[in-house]
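Below: one structure, written as structure tokens.
Values quoted throughout were computed directly from the atomic coordinates according to the rules given, and no laboratory measurement underlies them. A quick note: this is a predicted structure, and the numbers were derived from the prediction, not measured. Glycine also receives a Cβ, built like all others from the backbone with ideal geometry; neighbour counts cover every protein chain displayed.
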Amino acid sequence: MDKIKIVIVLILVSFTFVSKTDARLGENRGQCEKRYGIPILGKIGEVYDQYYFKKNDFTVMVFIINGKCQMIIYYKEGNLTNKPFSKEEIEKLLSSNSQGFKWRISDTKSKAFESSDELEIRDLFRSAMEEIIWLRGDDTMAIYNKLDNELVFMTGKAGVIGNKNGPLDGF
């Protein structure tokens with residue numbers, strides 16, 4: 001019976017360790033700073049706060065909504081353009097932002113877009129931008145844009161970014 005308790009404790013400890021090392025989306029500003037260091041730039045906004053970090057060869061843009069990271073953009077700066085990611089770098093970042101979910105590559109018939117018009121526009125945009133989209137089972141997506149060499153992770157709550165009324169409201 002004592003062996004069972006020890007096994008249960010070890011399993012719980014391993015789950016705690018995995019969730020702390022895998023969590024990126026959902027972290028608060030302090031956790032992001034612990035992971036990436038002091039931000040090199042920060043902007044406090046009405047809808048979201050945005051912070052830029054440098055870690056190794058990567059620039060990491062973090063968008064905080066309601067105290068939690070809801071969107072992250074990773075890129076590697078080059079001389080004139082961002083450097084492309086290797087397959088291993090993309091896989092590592094997907095794994096790091098999985099939070100226990102499995103990523104699957106989206107096809108153009110994704111249920112994320114409701115109308116056929118939206119699907120048609122999305123297909124055109126997708127082929128023009130040369131992007132790869134992954135989806136998780138919790139309304140979270142990752143997009144690697146081959147043109148800009150950026151890897152973007154966003155939760156469903158990140159949709160509020162850019163939805164604030166602005167100069168084009170009513171168009």
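What net charge do the residues around Gly37 carry, taking every other residue with its C-beta under 13 Å from that of Gly37, with Lys and Arg at +1 and Asp and Glu at -1?
Cβ neighbours under 13 Å give a net charge of +4.
Taking the Cα-to-Cβ direction at Val47 and at Lys83 and moving 7 Å from each Cα, how far apart do the two end points lie in nm?
3.3 nm
Cβ under 10 Å from Asp148's Cβ, Asp148 left aside: what net charge do those residues give with Lys, Arg +1 and Asp, Glu -1?
-2
Short version: what are the Cα gyration tensor semi-axes of region 18-100, square root of 5 times each eigenvalue, largest first, in whole Å?
20, 18, 11
Tally Lys and Arg at +1 and Asp and Glu at -1 over the other residues with C-beta under 13 Å from the C-beta of Asp138: what net charge comes out?
+3
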